[in-house]
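Below: one structure, written as structure tokens.
The values are calculated or read from the model by the stated rules, or taken from the named source; none is laboratory data. Just so we're clear, the structure is a prediction, and the values are computed from it rather than from any experiment. Backbone-built Cβ (ideal geometry, glycine too); neighbour counts: all protein chains shown.
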Amino acid sequence: MKWPSLDPGEMRHQITILGQVPASDESGNTVAMAPLLTCYAKIEVVKGLDVILSGQETTQLFLIASIWWQANVAANMQVQALNGLYLIQSVDNVLELDVVLKLNCLALGKNDA
């Protein structure tokens with residue numbers, strides 16, 4: 001078995017993981033996103049798709065952010081990077097060894113956040 005690892009030289013993107021926290025506004029209780037941790041990641045674009053949503057053509061960008069293992073990272077959190085905001089769709093704990101996490105993300109547009 002090959003032990004999972006990351007090349008530190010490829011981890012050049014500083015990201016912030018945002019988690020859900022309870023909040024309130026004029027309409028009552030809501031959920032807001034707040035920073036949980038900041039770390040370095042390797043970001044790889046998987047694919048981009050042109051789709052039609054609500055009659056408008058838009059692009060969906062899928063990417064993988066690889067980070068050292070963190071216990072509290074879960075799906076439905078968000079990744080804030082220099083070039084945008086991404087929704088974590090799933091979290092892959094490589095070989096279930098608690099060493100490397102691969103965050104499968106979808107880019108959020110200005111109207112999606």
> Which condition number in (1) within 23 Å of Asn72 (Cβ to Cβ); (2) at pLDDT 90 or above is the one that Thr30 fails?
Replying inline: (2)
> Being surrounded by fewer than 10 Cβ atoms within 10 Å (Cβ to Cβ), under 24 Å from Gly109 (Cβ atoms) and at pLDDT below 95, is that true of even one residue in segment 60-79?
Replying inline: no
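In segment 80-104, which residue that is in contact with a strand residue (DSSP E or B) (Cβ under 8 Å, 6 or more places away or on another chain) and not in a strand (DSSP E or B) is surrounded by the fewest Cβ atoms within 10 Å (Cβ to Cβ)? Give the steps one after another, and end with the answer.
Filtering segment 80-104 down to residues in contact with a strand residue (DSSP E or B) (Cβ under 8 Å, 6 or more places away or on another chain) leaves 80-82, 84-94, 99-104.
Among the residues that remain, those that are also not in a strand (DSSP E or B) are: 82, 94, 99.
Values: Leu82: 8, Val94: 16, Val99: 14.
In this case the residue turns out to be Leu82.
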